[in-house]
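What follows is one structure encoded as structure tokens, with my remarks underneath.
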Amino acid sequence: MTVPLKNGPPEHGLPGHLVDFVSALRRHQVPVGPGETVDAAAVLGAVNLLRRDELREGLASAVLRRSGQRAVFDTLFDLYFPAALGRGHGDVEVPWTPDGQVDLDSLRDILADLLRDGDDAALRELARAVVDALGQANGPGSGGPNGPRNWSAYQVLRQVSPETLLAGILADLLGENKDAFAEEVARREIRQRIAEFRKMVTEEVRRRTAETRGRDQVAKTAVPKQAEQVEFLSAYADQLAQLRRTVHPLARRLASRLAVRRKHAKRGEIDMRRTLRRSMSTGGVPMRPAYRTRRPGRPELVVLCDVSGSVAGFSHFTLLLVQALREQFSKVRVFAFVERADEVTHLFEPGNDLANVMTRVLREAELVTFDGHSDYGGALASLVEHWPDAVGPRSSLLILGDGRTNYRDPNLSVLRRLIGQARHSHWLNPEPRRQWGSGDSAALRYAELMPMHECRTVAQLADVVESLLPV
């Protein structure tokens, strides 16, 4: 079997094609080693290659080790093992008018029938046919009649408008039945099918574009980032929701790593007095060193977090992670701020609903005094004024924010005082290091007083938090 696609020379055959696929997975941060590659080759020899779903699941079981990698795998699988070549063939065809135009009314009727019946196979065939008939974009960059074609999912969906079919499909399904519960169930089911059809059209456009412009070119923009690689400041709502779902698995991994570190570090320093006393029985040779009993501490954690603007997503995720790891500390106190600080520890107590905790923070805490823009200096001053004993010699101070003061006084003297009172102090910054100090950022000035860590993604945050956890 060969796959004659651009960037995939057929002379390599199936083994070479598999190696290209594995290389693409690695380029998108899915670690696939030689052992997994050998397992994937065994899958290719064991399954029927014409049964694409079996091939997909077999390769996924061979090369994936974590659930968060599945979206990347599925996208690359569709590019390297496409469902069809060119326009493909199927039983569902697009209706045409006598003058050679697509009959949109008849097409929408066919789509409504398939959405009502829930025939996924026929819907996929229709998506393929619709993209071939309506998806060619004739804008700049089309390359002319002999150049590479542009394909547009937006153009297809705008003309077909599957969302506008919902009312008619519900009327056909329910008839005279006016039961509100049955109507709501049917409405949700049809909306789900419409969303699946939209996804099928997008996948088909991606496949056709990959044939003309190359898989690698399409993969640069089409392959989604893994949750751990998504930057907090550019994440949209769905990505932030996905990040929040990774909090507890991440906390469990960090806790297990901490347990290993504690096991390896359970011995304290050598006790010279006891070691010398033991060596008397061996002629003064210290054959059995004696160690001091190690008393690992569980410090108090004081978190001061900026919850304004786009930084709120980073602060929310980090606070949820701290909450999941609170057993590693003897006490955790949380202070949120915009222009001034206010304690919100009670909102993060065990048993509280943490799904909408940031909404409660912004609604219930007194954080704004003037215009609602971040004021790090004012927040530090209010923390010292209203909670002078919050940071003590057993406290670890953790500040979350980008350090952008809106050109207000950064109040370095107060921060220097807090650092002097704390046992440890660290700053987690979600901005790229290259942007520290630009514009209204006082990050570099703060970084002169305390360690500041770049935490743009979950992967970076996990590494930093793991290194800061008490041993």
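The values are calculated or read from the model by the stated rules, or taken from the named source; none is laboratory data. Since the model is a prediction, treat every value here as computed from it, not as a measurement. FYI the Cβ positions are ideal-geometry reconstructions off the backbone, even for glycines, and counts take in every protein chain you see. These accessible areas exclude ligands, DNA and RNA; they are computed on the full protein's heavy atoms, side chains included. Shrake-Rupley method; radii C 1.70, N 1.55, O 1.52, S 1.80 Å.
A few remarks follow.
- The chain, accessible area per residue, ligands and nucleic acids excluded (1.4 Å, Å²): 52 Å²
- Bridge type composition, the range 324-471 - antiparallel percent by DSSP, nearest 5: 35 percent
- Relative contact order computed over the range 326-471 (Cα-Cα under 8 Å; 6+ residues apart), in percent: 19 percent
- Each Lys and Arg adds +1 at its Cβ and each Asp and Glu adds -1 at its Cβ; summed about the Cα centre, the chain shows a dipole of about 3660 debye.
- Dipole of the range 430-471, positive direction: furthest Cα of 462, 437, 447, with charges on the beta-carbon: 437
- Among 330, 312, 348 the positive-end extreme of the charge dipole of the range 295-348 (Cβ point charges): 330
- The chain: calculated mean residue ellipticity at 222 nm from DSSP helix runs of at least 4, using -39500 (n - 2.57): -15500 deg cm²/dmol
- About the Cα centre, charge dipole magnitude for the range 190-302 (Lys/Arg +1, Asp/Glu -1 at Cβ), debye: 900 debye
- Look at the alpha carbon pairs under 8 Å that are at least 6 residues apart: their mean separation over the length of the chain gives a relative contact order of 11 percent.
- Pairs of Cα atoms farther than 19 Å apart, the range 373-471, %: 42 percent
- Atom-type composition of the exposed protein surface of the chain places 51 percent of the accessible area on carbon and sulfur (1.4 angstrom probe).
- Over the range 297-350, relative contact order from alpha-carbon pairs under 8 Å, at least 6 apart, %: 43 percent
- Coarse-grained scattering of the range 210-360 at q = 0.12, 0.14, 0.15, 0.16 Å⁻¹, given as base-10 log I(q)/I(0) from a Debye sum over alpha-carbon atoms: -0.71, -0.83, -0.89, -0.96
- Compactness of the range 429-471 as Cα Rg over 2.2 N^0.38 Å, two decimals: 1.25
- Average projected area [Cα convex hull, the range 346-417], square nanometres: 6.2 nm²
- Per residue convex hull volume, Cα atoms of the chain, in Å³: 251 Å³
- Viscosity 1.002 mPa s, temperature 20 °C, Stokes-Einstein D of the range 197-295 from Kirkwood C-alpha radius, µm²/s: 110 µm²/s
- Dipole of the chain [Lys/Arg +1, Asp/Glu -1 at C-beta], most positive-end residue of 424, 162, 130: 424
- Annotation: the antiparallel percentage among DSSP beta bridges lying fully within the chain is about 30.
- Coarse-grained scattering of the range 329-378 at q = 0.14, 0.21, 0.33 Å⁻¹, given as base-10 log I(q)/I(0) from a Debye sum over alpha-carbon atoms: -0.38, -0.76, -1.26
- Measuring r between the beta carbons of residue 39 and residue 84 and using R0 = 25 Å, the FRET efficiency lands at 0.40.
- For residue 304, nonlocal amide neighbours, meaning residues 5 or more places apart or on other chains whose placed amide H falls under 5 Å from its own, are 335, 398, 399, 400.
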